[in-house]
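Let me begin by presenting the structure, written as structure tokens, before commenting on it.
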Amino acid sequence: MDRALSVANLRRPDIDQAFALIQALYPDLAPEDWRAFALSLTEGVLSRQCGIICVRNAANYLCGLFVYHVEPSLRCGQALVVDLLAALDVVNVEPVMQAILEAVRSTATRLQCGIARVRLSSQQAAFARFLAERGLRLEGQVLSTPI
């Protein structure tokens, strides 16, 4: 069965709908915190170097998204960094993950980045396996501490 998926920038009217995807990863996150974060990335001067890309299914429901920004890279010029990635589908999540991966690559190309770096949470092991099977390699680890 052909399942048409479309990829586009997240628009302001879709921010609240996208919260359901984010809440699956961060159940304690408040809707107003997501809204403020999403607005900061989708509107204003910085939105050319950062943003949110979403994936919609044939029924026009959001089923995936990723948050990205561009940062300098000593070895690659510029790096597209994906900090947040979510995919959800009740039938088969793999096509959604594939659409996200293709959108990450095309966004990196469009923004003239020499590399794309995807940061996953420790609870996204299935996504990590999926990406590794498609050629992404472990580059290092990200350690963090609340400030």
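The values are calculated or read from the model by the stated rules, or taken from the named source; none is laboratory data. Not measured: the values here are computed from a predicted model. Heads up, the Cβs are rebuilt from the backbone with ideal geometry, glycines too, and the neighbour counts pull from every protein chain shown.
Being within 17 Å of the chain's Cα centre (by Cα), among the acidic types (Asp, Glu) and either farther than 16 Å from Leu21 by Cβ or modelled with pLDDT of 95 or more (or both) narrows it down to one of Glu139, Glu102, Glu133, so name that one.
Checking each option against the conditions leaves just Glu102.
Filter region 16-41 down to the residues that are in contact with a Phe, Trp or Tyr (Cβ under 7 Å, 6 or more places away or on another chain) and aliphatic (A, V, I, L, M) and list them by number. Please lay out each step first, then the result.
Narrowing region 16-41 to residues in contact with a Phe, Trp or Tyr (Cβ under 7 Å, 6 or more places away or on another chain): 19, 22, 31, 34.
Of everything in region 16-41, just one residue is in contact with a Phe, Trp or Tyr (Cβ under 7 Å, 6 or more places away or on another chain) and aliphatic (A, V, I, L, M), namely Ile22.
Take Asn57 and tell me if it is buried (at least 17 other Cβ atoms within 10 Å of the Cβ) and either touching a residue at least 60 places away in the same chain (Cβ under 8 Å) or on the phi < 0 side of the Ramachandran plot (or both). It would help to see each step written out before you state the result.
Working: buried (at least 17 other Cβ atoms within 10 Å of the Cβ): yes; either touching a residue at least 60 places away in the same chain (Cβ under 8 Å) or on the phi < 0 side of the Ramachandran plot (or both): yes.
Criteria met by Asn57.
The C-beta contact set for region 104-133 (first residue farther than 18 Å from Gly64 by Cβ and without any contact (Cβ under 8 Å) to a residue 12 or more places away in the chain, second residue among the hydroxyl-bearing types (Ser, Thr, Tyr) and surrounded by fewer than 18 Cβ atoms within 10 Å (Cβ to Cβ), distance under 8 angstrom, 6+ apart or interchain) is empty.
Evaluate the following for Ala116: is it assigned to a helix (DSSP H, G or I), of a type in the set (Gly, Ala, Ser) and modelled with pLDDT of 90 or more? Judged against the criteria, Ala116 is not a match. All conditions in (1) part of a strand (DSSP E or B); (2) within 18 Å of Ala126 (Cβ to Cβ) hold for Val91, with the sole exception of (1).
For every residue, the table says whether it meets (1) modelled with pLDDT under 90; (2) of a type in the set (Gly, Ala, Ser).
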position: Val7; (1), (2): no, no
position: Ile15; (1), (2): no, no
position: Phe19; (1), (2): no, no
position: Gln23; (1), (2): no, no
position: Glu32; (1), (2): no, no
position: Ala36; (1), (2): no, yes
position: Leu41; (1), (2): yes, no
position: Cys50; (1), (2): no, no
position: Arg56; (1), (2): no, no
